[in-house]
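The next block holds one structure in the form of C-alpha cells; read it before the comments.
Just so it is clear, none of the values below were taken in a lab; they were calculated from the coordinates. Treat the numbers as computed from the prediction; the structure is a model and nothing was measured. Every residue, glycine as well, gets a Cβ built from its backbone with ideal geometry; the counts of neighbours run over all protein chains shown.
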Amino acid sequence: MNFCWRWQKSIHKSYKNNGHVLCYTEEKGGDMIMLSSEQKKAIQSLQEKVEQADGIKLKLNWDLLEGERSLNGTEDYFYYNEKGELLGYLAVYFFGNKMECCGMVDPAARRRGIGRMLLDQAASDWQGKTKQFLLNSPTDSESGIAFMKAVGAEYAFTEKQLVCREVPIPYTKKGIRIRPAVSNDEERIYELDAEGFHMTKDEAKALHHNNPTWVTYMIEEDNHPVGKLSISRQDQESWIYAFVLTKEKRGQGIGRAALTDIVHREVSNGKTVWLDVVCTNEAALTLYHTCGFTEVGSQTYYTLK
C-alpha cells in the first residue's frame with residue numbers, strides 16, 4: 001500500500017498496538033523540530049523498498065522532510081515492529097487551505113491493517129480542520145488504487161509530473177523582469193496566490209509559512225509585479241510551485257519568458273527542474289512542453305466519502 005493524503009495540522013504520541021509501536025511527532029507552541037538522521041534513513045530505506053517492489057515513484061516531498069517541522073505544518077507517523085524496523089510511515093504537509101498526507105507500507109507487511117491504522121489516526125487528528133483533503137496515489141500503483149477502493153475514496157483529478165529534459169532557448173519579452181522577492185512583496189504574493197489558486201489571503205500566507213524551503217521570485221512587467229513563482233531546491237532537483245500570473249496578463253508570453261529564465265538559472269547551477277500540473281490545464285501543459293518539459297509520471301487524487 002502506498003498513498004498520499006491532503007489534510008491539516010501537527011502532534012507527538014506513542015502507543016502499542018498488538019505488540020507493535022505506532023508513534024507520531026507533535027510540535028507545541030511555536031517550537032520547530034527536525035526529523036532525526038535515523039528517522040530519515042529509515043524513511044528513505046522504506047521508500048526505496050516500496051518503489052522497487054511496486055515500480056512507482058512516491059511523492060514524499062523530501063524538501064519538506066529535510067527542513068524544519070513547524071506547528072500547522074507537518075506531522076509524522078511511524079509504525080515499527082518489535083525489532084524496531086519501520087514497517088509503515090505517513091507524513092502530513094500543510095498547503096494553504098488543504099493538506100497532503102503521504103504514506104507507505106513495507107510490501108512484506110501489507111494486509112495487516114497498518115496503512116489503515118496510520119490513516120485513521122491522521123483522520124482522527126485532522127478531520128474537520130481544513131477546507132479540502134485529498135487522497136493521492138501514483139496513477140500506476142495497483143496497491144495504491146486498491147487502497148483507495150478499500151477506504152471508499154472517489155476520483156477527483158490527476159496531476160502530471162514533468163521534468164525539463166531539453167533546456168529551452170531563452171525567450172525575452174520587453175519590460176519583463178524576474179527577481180527574488182523581498183519583504184515589501186509579501187502582500188502582493190498573497191494577493192497573487194489568492195487570485196490564482198482560489199484561496200483567501202490568510203490561506204496564502206499559511207501556504208508560504210508552512211513551506212519554508214520555498215524561494216519566491218516576482219515576475220514584473222515595467223517594474224509592476226504581475227506574477228510570481230516559488231522554487232524548492234533539494235539535492236540536484238529544483239521544483240517549481242505556485243506559478244501564477246494575473247488573469248489579464250496570461251497568454252501574452254510573460255509566463256514563457258519567466259519560465260525559461262528560471263530554468264536557465266537552475267540548470268546553470270546543476271539542477272534538474274521539475275513541476276506538477278493538473279492534466280486538464282491545457283494552457284499550462286502547452287507552455288511547459290514549449291519550454292522543454294516532458295511528462296514522466298502522474299499522481300491521481302481522490303476525495304474521501
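Odds and ends about this structure:
- Seen against the Cα atoms of the chain and their longest principal axis, helix 186-197 is set at about 70 degrees.
- Cut-off 11 Å between beta-carbons: net charge of the residues surrounding VAL277, Lys and Arg +1, Asp and Glu -1: -3
- Qualifying GluC sites (Glu not before Pro) in region 143-243, where qualification requires a DSSP coil assignment and no more than 16 other C-beta atoms within 10 Å, comprise GLU166.
- Converting phi to 3J(HN,Hα) with the Karplus coefficients 6.51, -1.76 and 1.60 and the offset θ = phi - 60°, region 155-162 yields 4, 10, 6, 10, 10, 9, 9, 10 Hz in sequence order, with x at every glycine or proline.
- Distance between region 262-301 and region 119-196 - C-alpha centres, whole angstrom: 13
- Cβ-based charge dipole, region 139-276, positive-most Cα from SER230, VAL267, SER141: VAL267
- Whole-Hz couplings from phi, Karplus 6.51/-1.76/1.60, listed for region 272-287; x for Gly and Pro: 9, 9, 10, 6, 10, 8, 5, 5, 8, 7, 5, 4, 5, 4, 4, 4
- Cut-off under 5 Å, modelled amide H: who pairs with LEU87 long-range: TYR79, TYR80, ASN81
- Distant-in-sequence amide contacts of SER238, defined by a placed amide H-H separation under 5 Å and a gap of 5 or more residues or a different chain, comprise THR272, VAL273, TRP274.
- Residue-averaged 222 nm ellipticity for the chain, from DSSP H runs of 4+ at -39500 (n - 2.57), nearest 500: -9000 deg cm²/dmol
- Under-5 Å amide H pairs with MET218, H placed in peptide plane, nonlocal only: ARG179, ALA181
- The Cα-based radius of gyration and maximum Cα-Cα distance (Dmax) for region 163-298 are 14.1, 38 Å.
- In order along region 103-120, the phi-based Karplus estimate (6.51 cos²θ - 1.76 cosθ + 1.60, θ = phi - 60°) of 3J(HN,Hα) comes to x, 7, 10, 3, x, 7, 10, 7, 6, 10, x, 5, x, 5, 5, 4, 5, 4 Hz; Gly and Pro are listed as x.
- Over 31 Å between alpha carbons, listed pairs LYS160/LYS205; LYS49/LYS131; LYS173/LYS271; LYS98/LYS228: LYS49/LYS131
- Candidates ASN211, ASN136, ASN269, ranked by Gaussian network fluctuation over the chain, Cα under 10 Å, top entry: ASN269
- Most mobile listed residue (SER137, SER230, SER45) in the chain, GNM with C-alpha springs under 10 Å: SER45
- Compactness of region 144-219, expressed as Rg and Dmax over alpha-carbon positions, Å: 18.0, 54
- Positive-pole candidate from MET34, ALA284, PHE157, dipole of the chain, charges at beta carbon: PHE157
- Ranked by how many other beta carbons lie within 10 Å on average, peptides 256-262, 172-178 from highest: 256-262, 172-178
- Simple Cβ-charge dipole of the chain, Lys/Arg +1 and Asp/Glu -1, about Cα centre, in debye nearest 20: 340
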